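Enquirer: Quick one: this structure, given as structure tokens, is what I'll be asking you about.
Just so you know, all these numbers are worked out from the coordinates, no wet-lab data involved. Predicted, not measured: the structure shown is a model, and the values here were computed from it. Cβ atoms come from the backbone with ideal geometry, glycine included; neighbour counts cover every protein chain shown.
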Number of protein chains: 2
Amino acid sequence: MSAGEDIPEAYAAPIAALAEEMARHGRARAAPVREVMALLGDRWTTLLLIVLSIGPWRHAALRRAVARLSAEQKISQRMLTLKLRALERDGFVLRSISGDVPPRVAYALTPLGEGLAGQARGVVDWVNAQAEAIHAARAVFDAAEGD
Amino acid sequence: MSAGEDIPEAYAAPIAALAEEMARHGRARAAPVREVMALLGDRWTTLLLIVLSIGPWRHAALRRAVARLSAEQKISQRMLTLKLRALERDGFVLRSISGDVPPRVAYALTPLGEGLAGQARGVVDWVNAQAEAIHAARAVFDAAEGD
DNA sequence: CAGCATCCTCGGCGATACTG
DNA sequence: CAGTATCGCCGAGGATGCTG
């Protein structure tokens, strides 16, 4: 039952608090960080959310818009469908179909999804704003190791 | 040179603006979203940043603290070193050594790193706050597909 | 046009053993 | 104790072809 064996005394409390906060939701295994990673920790979802925050999209157009923002690299339609499904499942995206064949599908953010998109934008904008500092640090580091 | 062929007229402008904003830093290939993903889009970095925001850590203790917060699953020391190096390279983490053998290494966030950790906390906290809504939506979705 | 099934590639990550 | 080297696994993700 020993809590955090070699964790410094002073850090035990905040760590325990975090651990409890993370265990509160879900059944033990589902730490929020994990959920965030499962949500945004992949190659496309963040970008997808940002594009979706512009407005509702049809599948094909969405694919092209994403390509424009990812150095012209296209997301495979398999992945697009997969990621959209995941977002739909968690209540971030609403999928509406009109017409049977050919199907006419539209994707739009729900209010919840707009909240998540806002968070994503926040992080991206922050990184964007710090880009110079980051690249400067990187240059220093790379120069130092190669001497 | 046709910009975004089948992208809806009304969306062309915001997409172009985003594209330009993303191309501003780095040399074309480095879209901020990409950088964010390369930074936070892996299994450990976000969690690492949050733990580091508590204070400076020694390597071994940090490993144990991370384990506490990830459902007791340990990060391999190889990955810990790798991720810390990446964060150090970009100026988010400062690594200080005292003593040769055995080495005594301490890791701490730089001011820049604290900014990034704050962003990470923001997203995690938001997801945490919306956990109920997310799980509810997920339950509805799962129930609907299995009928 | 949107989606699913299939097959395959590739790199993130873990396990282990070894150095200073 | 911190770091590196080597090996091997596994799953995210790409390509293609077929259906409604």
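Enquirer: For labels at A:ALA23 and A:ARG138 in the simple 7 Å Cα→Cβ model, what's the distance in nm?
Expert: Spacing of the two 7 Å Cα→Cβ label points: 3.9 nm.
Enquirer: Enter the mean number of other protein chain beta carbons within 10 Å of the beta carbon of each residue in B:38-51, as an integer.
Expert: If you average over the peptide's residues, the count of other-chain Cβ atoms is 4.
Enquirer: Can you figure out the FRET efficiency of A:SER76 with A:ALA106, using R₀ = 25 Å and their beta-carbon distance, to the nearest 0.05?
Expert: Efficiency, from the Cβ-Cβ distance: 0.80.
Enquirer: Using only helices, what value at 222 nm comes out for chain A when you add -39,500 (n - 2.57) per DSSP H run of length 4 or more and divide by the total residues, to the nearest 500 deg cm²/dmol?
Expert: -19500 deg cm²/dmol
Enquirer: List, shortest first and in nm to one decimal, how far the label point of B:ARG58 (7 Å from Cα along Cα→Cβ) is from its counterparts in the other copies.
Expert: Those separations, rounded to one decimal, come out as 6.3 nm.
Enquirer: Counting only other chains, and only Cβ atoms inside 10 Å, what mean value do you get across the residues of B:134-142?
Expert: What the average comes to for B:134-142 is 4.
Enquirer: Mean separation of Cα pairs under 8 Å and 6+ residues apart, divided by the residue count of chain A: what relative contact order is that in percent?
Expert: 19 percent
Enquirer: Pull out a ≥ b ≥ c, the square roots of the eigenvalues of the alpha-carbon gyration tensor of the protein assembly as shown, then state rounded if a/c is under 1.5, prolate if not and a/b is larger than b/c, and oblate in the remaining case.
Expert: Taking the square roots of the gyration eigenvalues as a ≥ b ≥ c, the protein assembly as shown is oblate.
Enquirer: Which single residue of chain A puts its beta carbon nearest to the axis of rotation relating A to B, and what distance, in whole Å, does that give?
Expert: A:GLY41, 2
Enquirer: Positive end of the charge dipole of the stretch A:44-85 (Lys, Arg +1 and Asp, Glu -1 on Cβ, about the Cα centre): tell me which of A:GLN77, A:THR46, A:LEU62 has its Cα farthest that way.
Expert: Towards the positive end, the residue furthest out is A:GLN77.
Enquirer: Relative to the other copies, what are the label-point distances for A:VAL101, with labels 7 Å from Cα along the C-beta vector, expressed in nm at one decimal and sorted shortest first?
Expert: Spacings between copies for this position, smallest first, are 7.4 nm.
Enquirer: Tell me, what HN-Hα J-couplings in whole Hz come from the Karplus equation 6.51 cos²θ - 1.76 cosθ + 1.60 at θ = phi - 60° for each residue of the stretch A:75-82, using x for Gly and Pro?
Expert: 7, 5, 5, 4, 5, 4, 4, 4
Enquirer: Could you pull the copy-to-copy label distances for B:HIS135, with points set 7 Å along Cα to Cβ, in nm to one decimal and sorted shortest first?
Expert: Label-point separations across copies, in nm and ascending: 4.4.
Enquirer: Which whole-Hz couplings ³J(HN,Hα) result when phi for each residue of the stretch A:135-142 is put into the Karplus expression 6.51 cos²θ - 1.76 cosθ + 1.60, θ = phi - 60°, listed in order with x for Gly and Pro?
Expert: Running phi through 6.51 cos²θ - 1.76 cosθ + 1.60 with θ = phi - 60° gives 5, 5, 4, 5, 5, 4, 4, 5 Hz.
Enquirer: By the scheme Lys and Arg +1, Asp and Glu -1, what is the net charge of all other residues having a beta-carbon under 14 Å from that of B:GLY122?
Expert: Here the charged neighbours net out to -1.
Enquirer: With a sphere of radius 13 Å drawn around the Cβ of B:LEU109, what net charge do the other residues whose Cβ falls strictly inside it have (Lys, Arg +1; Asp, Glu -1)?
Expert: -1
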